[in-house]
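Read through the structure below, which is laid out as structure tokens, and then see the notes.
The values are calculated or read from the model by the stated rules, or taken from the named source; none is laboratory data. All of these numbers come straight from a predicted model, not from anything done at the bench. Cβ atoms come from the backbone with ideal geometry, glycine included; neighbour counts cover every protein chain shown. For accessibility, only protein heavy atoms count, side chains too; no ligands or nucleic acids. Shrake-Rupley method; radii C 1.70, N 1.55, O 1.52, S 1.80 Å.
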Amino acid sequence: MQSNDDIILEILQGQRTAKWPKAKVVKIFVASDKKDFVEERRLLLEFVGPELQIICDEYQIEVEIVDMHFGASERDGLCPRTLEDHLSEIKKCHEVSRGCFFISLIGSSYGQCSVPARIEDELFSELVKEDDAAADILRKWYIKDGDCYNIKDYGKLELPEWKVATDEIINALRAAGGVIEDKEAVVRLLRSTVEHQFNYAIELSEGAAHRMVNIIREFHYEHGHRDATAKHSRRDSETFKANVNSLIPEENQCHFTVPYKGDGSIDPDDEDHEIYLNKFKSMIFKKLQMLVKKSVKEDPDLKSRKKIVEENFQENITHLTMNYEDVKMDFSNSDIVNRIKEIVKGTTDSRHNPIVIYGQTGTGKTSLVKTLYRDFASWFDCKLLRIVRYISSTPRSAYNLELLRVICQQICIALKLPEGFLPKDASFDPLYINNWFQSLLRIFEDMNQKLVIFIDDLHLLNTLDTDPGSGLNWLPISLPRNCFLICTTGVELDAMRLTAVQKDRMKNPDCYLELPMADDSLSDQVESAFDELESLFGKPAVARLSALLTCSEYGFTETELLEILMPTSSNVSVISLENANFNFSTFCTIRRNMKPLLHEKVMNGKLIIEWRHWNIKGVARKRYLQNQETIRNTHTDIANIFFNEFCEEETSESEDEPAPLRSDVKETPFQSTIRSDVTYSTRHIEESWIHFLKSGDLAKLKGFTLCNYDFLLAVVHTISISYMRCILEHVRCYILDREIELVYHAIRKATDILTKDTYQLGTQIITWLRPVTDRSSSGGLMNSLVTAAMAWCDGFTLPLVVPLTDWLQPPLPSHSRTINTPQVYLVESTPNGQHVICCADSDPQLWHIMTNQLVHTFKGHSGKVICMAVTRQSQYLLTGSEDTSIIVWDLRALTMTLRIFEHIAPVLCITSALNNSVIVSGGDDSSIIVTSLGNGKLVMKIDHHRGPVTSVKVTSAGDILVSGSQDGNVCLWSLEDFTILNTISLQSGVRMIDVSSDSVFLLASCMDNNLHLRTLATGTELHSLAEHKSRVKSVCLTQDSCRAVVGCSDGRVYIYDVHSGKLAKTLTGQNGEVSAVRVTEKDDFLLTAGGNRVHFYPFRSDDTVKSLLKLNKKSQHHLLPHTGYLTCIDVSRDGLLAATGATDHLINIWQLNSHELILTLNSHSGSVTAVSFAPSSLFVASASEDKTVKVWGLTLGSLVSTFKGHQAPVITVHVMMDSSRIISSDRNDTLCIWLADNGNLLHSYTGPSNYVDVTNNMKYALCTNADNTLKIWSLIKDDEKFHVGHSEEITCFVLTMDSLHVITGSRDMSLKVWQVSGGKLSQVLIGHTDAVTCVAVSVADKSLIISGSCDSNLIVWDINTGADVHTLSAHLSYITCVKCSGDGSIAISGSDDKSLIIWDTKRGLPLTSLQMHLPILQVETSSDFSRISVLLKDTQYMPIICLHNTPAKYVKLPTYCAPDKDIIDNPKPAPKRQMRRLLKKEVSLDTYTWQKKYAHLTSNLVIPAVDERFKRRFSVSASMEEISKIPQKDGQPGLPNKQGSLAQSQHFDQLEALWNKRSPPRRKLHQSLSKQSSLAESHLDSSDDDHF
């Protein structure tokens, strides 16, 4: 018997297997009489179904309980044809449902008999043989149709009339049936509806009875009650029950006896009935749960243990299932198939072109692909790998990047390539994917196996590329032998997004084929089908259902459709088609009638309903989605079903709604509890975001999806990072938004590392976006996103590297977008920021920014438009022209609403005021005119200026008008009574002005080209902005009131700081003079218009380079952040403090626990080259290029001593273990040993000076100049000197803690272990294939050595045997540094690939990693790696990192050694130190909540047995912040003395006891999937957990 893995491999190779995946659905039909079991059916829908869904979520199974009586009218129950629809639904349940598919509820009464919809011809003849009243009634109601008699149309009868007719027909059948020979035939016709349904279900298959549940409820009659059921009904009921009992297995039956009360119905408020209902609910739930689990156990799903394989398998099975469906158009032995066979057979031994088949809609392209797929196997005798994709049928086949990625991975899996499913250097960058695809194709050239890739409807592929010539550049123009690519397209070759070379090569007749023209009748047939549906169900119902299916991207599950179409507010009210709503019955009926139009597919285990053909979708769109409002509302309905618990009812549209474009969105604050409550499923990822986009709801699009950490995490873990990029790029095709830009560029910069390690998503979000949130006091989505990422990291139970400080600037590029327009001289942004209005030539034009499309041209002025303004709330455009008129345009309807003629000369400036109720304009006639925005009537005319009024502005408060004129005056007016408040006189005429949003600053550009910055209230001159030399063309002040933007004729944009008046930045690259500059809402973007282009720049002040430091506000010292690049770092032995030196001459001291800057030491006059903490942590020594070494006391931050004995720049410094002597060296190869407290020189030596170290027992010093030798000399005996060496340069060395050995690494690719005393060689370690770059040893584990090399690998060595225990391979470039934890259990390595990796040295596995995005030079750590300091190349920041859940034990390093002590004993590992949580308790998630939200995404992790104290830390009431505060209580900031250490140790013990006492037990995570390619998934299987 084949294993699951073998079957999956066959399917991925394109073969049809006996075992084929099915939809993961539990669909149960509930059969009962409508008037009976009302409360029981309510319980099934409201309680049993949801509870069963919770159980089935574990198996990713969707549950649907089908109650045909829910919301059905009495007329629906009497409809003869409804029974046939119900029987069809039972058959569907039987086909798709896992476990139970049918529940029968049988009560005391037999139930309603339904009128038969048809009677067989022979039986009908027997029934009417007697010419009596019964025969007349039957002849009246039945008409012959072929070989049977069908009931006539009764639709025009009122309900009472039809009820009378029903009784007549049933009585007539009984009467006629009593005299015929085959009485059983009539009995079968007159069965109750429930019995009909039960008999049909039991006969569907041999084992159907084992998948059915039967409930029988009997009433117990008390004295005074009697069974009022008719005798024949009781008889039929007893017969039916006996039959059911004999057919249904006993374990699938439930029998209840209920006291009869009242009118015989079940009253949930009655105590006895309540007991019965609780038993009913409990028993039926257990039965259904048992059947589902039994089904899953007996017929388990095909599922791979590897995430990548499972992902590809689910994608492939969707396309293969569609491929093996019935072929609608027969192409067997057709000319086109024979032609393709001829081409393929003729190119088997040479390079060749792909085959592109063009065909219009309805020509049978899909049927041709299915035919070719099946025929291809018969054309060749060798092994065949077939891959088929139907474009846009799944999310992964909708986008260029995803399509190619999944195909590449499927080829790797199918071929079982030795490098695995994902190359070590894998990246989901488009260029990498393209090269990967080409390299995989070349593999087949030397194989006896052929690859065939079929792609249907290539033109539907979303390329997400604005360049029409590069969308499909991955499509090969020349294929290797044994590789074939066959594509179909619905557009001609010239219209495809191909490069010119591709188009030219593919015009070859052996490459480009055309199908014959299609019959035009297909659209007419679809129209006729819709007409017929409307006649049966009404246009509103058909329109609503069709609109939903049309707006769907990939289809709906039946449950999703019913959530929209079926109101559930009441279980007794009728759900009517007239209101475009459906109940189970009407939905079942319309689905049956729409079957020719619909198609079902299995996608990720879900049964999806969609249109059968794109042509049907097109007809439905044209027919039912005729206006933008309908489209938006439909998309809103769809989006809300995924978040229906959190979306409030939509209110009616207000007048302030934005323009009717897809990207038009009214910005509103997003408030939702979704961040803490929603668990995102695959369907959320596939469908929800696109509908928020198309509905125009930008707030929910960001808040629920793109800027929501839970959504991002679900996308990356359930699909891929490349799909995440596709989503963001898709949205960016329509939306320009700063927060989306931030997320997109953060994801883009992290793509490479997230390809390999998806569990770095949280840390990458923190790394890139926390600098943005730290600078913003207002919080917002970015703050929520980063907080959620930190909460996820906080709850992660495996080791995880989390950054605590920031070192990267926000990821936004300097330039976001450029749109090409005609020559622009005016520009304004719409309030939603998605459109710009440009004045080119004479008429304003509305342009959509991200698509660069012209939306509308506002025609109405007869002269050139000179000025324009956009109202901020009411969505109006105001334009003033040379023709002296003002026009008000409605941006929603894109129509003219008002024309005003009040000026007698050209209108030069315009704005709105008084909450957009009036228009204020200034003209060449020297007047200011105020008119009503509502009716255009004159409100006020002000003739004060003595020259043309060139600019008018209104303050943000809306109470003051500011006007500027060529008469050289700026006037301030009260808008309440239009009185003048102040006049500011300038030396020259005013050309343009702007007022800051805080109404403090006035910026005026004058005719003499001077720019004046003054106070608005008094007109006091603040600055004259004079850095620009060319003529000023445009000005504006930013909304943060901090910057002035000036556009000039030289094509440059000058940005001034308004507080200092200095030039802050200059933007170049404009196309001609900068005629207009504007900033969007909140300064998100700067718009500059010049020539025929409008440029968009990210422009928040937060986006510029700022300090990322966290300063200790309580410090009494003057703290200065580094302004130069860091050159050196060191960490104190107790792991509490870090020191940094930089080229700015400063030394900064950091508290690692709180990651705050606590001291700045400033006295050097040259770059600091080295820093070293005293082992006692009482002082730090610093070396500098100023030829001095300084000793700084850490208690007061004061300078203790300065050593000036060097005559050259000092390059190294080291404090000896007695904390009293210091050794330093300079570039002249002079080494000095001197006293720390006074700087007195003790000894001076000449020797190598680049790298210097001293043994812990202070007997020997070691040094080298990176040449072939290492010098060892005794600090006690002058004549004791040794030289050890390699054949090539020594690159690194390290001393063991016991001072017995030194290990050297060299360019000769070897390491050597030397005895310090005597310099004898003990071991030679050979294993690296390139130069050794770094080496580290453990403190507690004497036998452990780990080394890094230029071969990108690390090796763990045994110092005693010289054996290479593990080779650690994960880096992509040479290793720059490595450190071991104190207990030797883990190590950290940094590389030129900019990544840090934490390794398990015992098992040789990577535990976690962090991409730093800058080359790493050095790492310094605390003993247990709980804090890590990193020195990066060319940066002024030192990242402080936390290894969350570190598995290393804390080892307390010795802080003092007496000079006469020979060897320092290795310290013993101490109990692990408790760690602080990353977030405050109020923000952090408790363990239960974290598991509930994220366990389904991390279920493929093998969770090792981490210390229980870490697993339970989220319920802790105490904070680890207390620990960091203990040392300060004794008056020494950041410096624990003996009392502080003792108190800290006691506090650890107390806190541990408190946690163990109060913490609740932790829920377990799933551990079901095996090791994956990501670093976080690279643990051994669960059998290795006990080693963790």
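Before moving on, here are some points about what is shown:
- Residue match in the stretch 376-386 (condition: in a loop (DSSP other than H, G, I, E, B) and touching a residue at least 40 places away in the same chain (Cβ under 8 Å)): yes
- Selection from the stretch 208-253 of residues that are of a type in the set (A, V, I, L, M, F, W, C), surrounded by 17 or more Cβ atoms within 10 Å (Cβ to Cβ) and either modelled with pLDDT under 85 or not in a helix (DSSP H, G or I) (or both): Met212, Val213, Ile215, Ile216, Phe219, Ile248
- The strands (runs of 3 or more DSSP E) located wholly in the stretch 1331-1426 that include 1 or more residues which are without any contact (Cβ under 8 Å) to a residue 60 or more places away in the chain, over 26 Å from Pro811 (Cα atoms) and not small (Gly, Ala, Ser) occupy 1332-1337, 1344-1349, 1353-1358, 1364-1369, 1375-1380, 1386-1391, 1395-1400.
- Selection of the stretch 927-955 for residues being surrounded by 14 or more Cβ atoms within 10 Å (Cβ to Cβ) and in contact with an Asp or Glu (Cβ under 7 Å, 6 or more places away or on another chain) yields Ser927, Ile929, Thr931, His945, Gly947, Pro948, Lys953.
- Of all the listed residues (Val164, Val187, Val179), the sole one being of a type outside the set (D, E, K, R), open to solvent by 70 Å² or more (accessible area, probe 1.4 Å) and either outside any helix (DSSP H, G or I) or touching a residue at least 12 places away in the same chain (Cβ under 8 Å) (or both) is Val179.
- Residue among Ala185, Ala172, Ala176, Ala209 that is out of contact with any Cys (no Cβ under 8 Å at 6 or more places or on another chain), hydrophobic (A, V, I, L, M, F, W, C) and under 30 Å from Asp299 (Cα atoms): Ala209
- Unique residue being at pLDDT 90 or above, within 25 Å of Leu701 (Cα to Cα), open to solvent by 50 Å² or more (accessible area, probe 1.4 Å) and out of contact with any Gly (no Cβ under 9 Å at 6 or more places or on another chain) when the list is Glu558, Glu563, Glu653: Glu563
- Residue pairs meeting the criteria (Cβ under 6 Å; at least 6 apart or on separate chains; first within 30 Å of Leu415 (Cα to Cα) and of a type in the set (Ser, Thr, Tyr), in the stretch 451-469; second surrounded by 17 or more Cβ atoms within 10 Å (Cβ to Cβ) and modelled with pLDDT under 90): Thr463/Asn400; Thr463/Gly471; Thr463/Arg497
- Lone qualifier among Ser921, Ser862, Ser885 - being hydroxyl-bearing (Ser, Thr, Tyr), open to solvent by less than 10 Å² (accessible area, probe 1.4 Å) and more than 25 Å from Ser974 (Cβ to Cβ): Ser885
- Extreme residue, surrounded by the fewest Cβ atoms within 10 Å (Cβ to Cβ), among residues of the stretch 147-160 that are farther than 14 Å from Pro116 by Cα and at pLDDT below 85: Lys156
- Residue ID - nearest to the chain's Cα centre (by Cα), chosen from residues in the stretch 850-890 that are assigned to a loop (DSSP other than H, G, I, E, B) and among the β-branched types (Val, Ile, Thr): Thr851
- Test: Thr361 is open to solvent by 60 Å² or more (accessible area, probe 1.4 Å) and outside any strand (DSSP E or B): yes
- Screening the stretch 5-38 for residues that are in contact with a Phe, Trp or Tyr (Cβ under 9 Å, 6 or more places away or on another chain) and either farther than 20 Å from Val602 by Cβ or of a type in the set (Gly, Ala, Ser) (or both) and picking the one that is surrounded by the fewest Cβ atoms within 10 Å (Cβ to Cβ) gives Asp33.
- Restricting the stretch 723-740 to residues that are under 15 Å from Thr1080 (Cα atoms) and assigned to a helix (DSSP H, G or I) leaves a set whose member that is most open to solvent (accessible area, probe 1.4 Å) is Glu739.
- Candidate set: the stretch 523-543, residues that are open to solvent by less than 60 Å² (accessible area, probe 1.4 Å) and of a type outside the set (Gly, Ala, Ser); chosen: the one farthest from Ile638 (Cα to Cα): Val526
- Test: residue in the stretch 1394-1402 that is open to solvent by 10 Å² or more (accessible area, probe 1.4 Å), within 28 Å of Lys1452 (Cβ to Cβ) and modelled with pLDDT under 95: yes
- Residue in the stretch 1179-1197 that is farthest from Val1254 (Cα to Cα), counting only those that are among the hydrophobic types (A, V, I, L, M, F, W, C) and buried (at least 20 other Cβ atoms within 10 Å of the Cβ): Leu1194
- Per the conditions (1) surrounded by fewer than 23 Cβ atoms within 10 Å (Cβ to Cβ); (2) closer than 24 Å to Glu310 by Cβ, the sole criterion not satisfied by Thr463 is (2).
- Applying the condition of being within 18 Å of Ala1183 (Cα to Cα) and outside any strand (DSSP E or B) to the stretch 1248-1260 and asking which residue is least open to solvent (accessible area, probe 1.4 Å) yields Ser1249.
- When the stretch 970-998 is filtered for residues that are polar (S, T, N, Q), open to solvent by 40 Å² or more (accessible area, probe 1.4 Å), free of Cβ contacts under 8 Å to residues at least 40 places away in the same chain and farther than 13 Å from Ile928 by Cα, the ones remaining, listed by number, are Asn982, Thr983, Ser985, Gln987.
- Residue check: Thr787 meets all listed conditions (1) surrounded by fewer than 24 Cβ atoms within 10 Å (Cβ to Cβ); (2) touching a helix residue (DSSP H, G or I) at 6+ places or on another chain (Cβ under 6 Å); (3) within 15 Å of Cys707 (Cβ to Cβ) but one, namely (2).
- When residues in the stretch 34-92 are screened for being touching a helix residue (DSSP H, G or I) at 6+ places or on another chain (Cβ under 8 Å), modelled with pLDDT of 90 or more and acidic (Asp, Glu), 8 of them pass.
- Every pair of residues 6+ apart whose Cβ atoms lie under 8 Å, when the first sits in the stretch 256-274 and is touching a residue at least 12 places away in the same chain (Cβ under 8 Å) and open to solvent by 70 Å² or more (accessible area, probe 1.4 Å) while the second is in a helix (DSSP H, G or I) and of a type in the set (Ser, Thr, Tyr): none
- Across the stretch 925-962, the number of residues qualifying as among the charged types (D, E, K, R) and within 19 Å of Asp994 (Cα to Cα) comes to 2.
- Flag if Ser1165 is surrounded by fewer than 18 Cβ atoms within 10 Å (Cβ to Cβ) and small (Gly, Ala, Ser): yes
- Which numbered condition Val1335 fails, given (1) buried (at least 19 other Cβ atoms within 10 Å of the Cβ); (2) over 19 Å from Ser1299 (Cα atoms); (3) in contact with a Cys (Cβ under 7 Å, 6 or more places away or on another chain): (2)
- Here the stretch 1120-1135 is the region considered, the condition is being of a type in the set (A, V, I, L, M) and closer than 17 Å to Val1419 by Cβ, and the residue that is surrounded by the most Cβ atoms within 10 Å (Cβ to Cβ) is Leu1126.
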